[in-house]
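The values are calculated or read from the model by the stated rules, or taken from the named source; none is laboratory data. Just so it is clear, the model here is predicted, and its values are computed rather than measured. In this analysis, Cβ positions are derived from the backbone assuming ideal geometry, glycine residues included, and neighbour counts consider all displayed protein chains. Ligands, DNA and RNA are stripped out before the accessible areas are found, and what is left, the full protein with its side chains, is counted by its heavy atoms. Shrake-Rupley method; radii C 1.70, N 1.55, O 1.52, S 1.80 Å.
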Amino acid sequence: MKKIVYLLFAIMLFSSCSGLKELQTSFRQFGGNLEYIHDSHINGCPKKDSVVIMMHDYLLDGKTTVRKGSMLILPFLFFNYFEQNYWVTLGQEALNSRYDDFFNASLTEECQRNGCFHLTGMISNDSTYTLEIGVDTCYTRAKYKRFSSFVYFGYGYESLNDEYGKTPKTTLKVSAVLRKAGNVIFRKQYVSENSISPGIESGQGKNDPRGILIRSMTGSLSLSTKQCIEEIVTDINKALLLSTKK
C-alpha cells in the first residue's frame with residue numbers, strides 16, 4: 001500500500017509542475033469585456049466652463065500570468081489529499097480594448113453625462129481648465145485552486161479532481177490634477193479596490209471555471225474604474241463651483 005501512496009504523490013507532484021504550464025496556456029485563451037453601466041445621477045447643472053482632458057498613456061501588463069502559490073498535502077493511510085493554489089494576474093491580452101482607451105472613453109462619457117462643464121479638445125484661453133489623468137497602479141488578481149483526493153479501499157481506490165477560482169481583487173490608483181492658466185486647482189489620488197465573486201453563468205463556456213474567473217476579473221476591473229471616474233467628475237464639479245465663488 002505504501003508503494004501505491006508514494007506513486008500517487010509522485011503523480012500529483014508531477015501534475016503540479018506540468019499543471020502550471022497548462023494553466024498558463026489555458027488562461028490566455030479567455031477574455032472578457034471592459035464595460036459598465038453609466039447609472040450615476042444625471043446632473044442638470046449649467047455648463048459654463050470648458051475642460052480639456054489629458055490622459056497619460058498606461059500600459060497594462062501584456063499577458064495574463066499564472067504563478068504557483070501554497071501547496072497542501074495530507075498523506076493519510078486510507079485517504080490522501082493534494083491541493084495546489086495558483087495566483088492569476090489579469091493581462092491586457094484578456095481585455096477587449098486597451099485599458100487606458102477604455103478609461104478615457106468612460107471618463108468622457110461620464111463628464112458629458114454628469115459634469116457641470118463642457119469638454120473641449122483644445123485650450124482656447126486662460127479660462128480653459130485642463131484635467132491631467134494618470135493611472136499609477138492597476139492590477140487584478142485572483143487565487144485559483146486545484147485539488148485531488150484519493151480514497152484507498154485495499155482492493156482499489158477512488159479519486160476526485162476539481163478546480164475553481166476564488167474571488168478576484170482589483171487595486172486601482174489614479175492621479176488627477178485640475179489646472180487653470182497653469183495654476184493647480186486641485187490634486188488628488190483616487191484609490192479603488194473591488195471584488196466580484198465568480199458566479200454561475202449561462203451560455204457558452206458556462207461550465208469552464210477558468211473562463212468564468214477571467215470574466216469576473218474584468219468585471220472587477222470595470223467596477224473599480226467606474227468608482228474612480230464617478231469620484232473624479234464629482235470633485236471637478238465641486239472645484240469649479242468653489243472657483244466660481246472666489
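Sorted by accessible area (1.4 Å probe), largest first, how do E132, E193 line up?
Output order, biggest surface exposure first: E193, E132.
How many angstrom lie between the C-alpha centres of region 38-90 and region 102-162?
When both Cα centres are located, 6 Å separates them.
Which one, G115, L241, I37, is farthest towards the positive end of the dipole of the chain when Lys and Arg carry +1 and Asp and Glu -1 on their Cβ?
Farthest towards the positive end: L241.
Over the chain, with the other protein chains present, what is the accessible area per residue in square angstrom, probe 1.4 angstrom?
Accessible area per residue: 54 Å².
How do the peptides 38-45, 124-131 rank, highest first, by the average count of neighbouring beta carbon atoms within 10 Å per residue?
My ranking of the peptides, most packed first, is 124-131, 38-45.
If you build a Gaussian network model of the chain, linking Cα atoms that sit under 10 Å apart, which residue out of K63, K145, K21 swings the most?
Evaluated over the chain, the most mobile residue of the options is K21.
Name the helices (complete DSSP H segments) of the chain with a Cα length along the long axis of 27 Å or more and a Kyte-Doolittle mean of at least 0.0, or state none.
TM-like helix candidates: 2-27, 209-245.
May I ask you to give the percent of accessible area on region 1-244 that is carbon plus sulfur, with a probe radius of 1.4 Å?
54
Roll a 1.4 Å probe over the protein heavy atoms and report the accessible area of I123 in Å², nearest 10.
Solvent-accessible area, nearest 10 Å²: 100 Å².
How much net charge surrounds L240 when only the other residues with a Cβ under 9 Å from the Cβ of L240 are counted, with Lys and Arg +1 and Asp and Glu -1?
Computed value for this residue: +1.
Just to be sure I understand, if you calculate Rg/Rh (Cα atoms, Kirkwood Rh) for this structure, which of (1) 1.01; (2) 0.95; (3) 1.17 do you get?
(3)
What value, in deg cm²/dmol to 500, does the helix sum -39500 (n - 2.57) over DSSP H runs of n ≥ 4 give at 222 nm once divided by the residues of the chain?
After summing the helix terms and dividing by residue count, I get -11500 deg cm²/dmol.
A 21 angstrom limit on the alpha carbon distance is what I want to check against. Which of K21/K173; K48/K238; K169/K226; K63/K226; K145/K169 exceed it?
Distance filter (> 21 Å) returns K21/K173; K63/K226.
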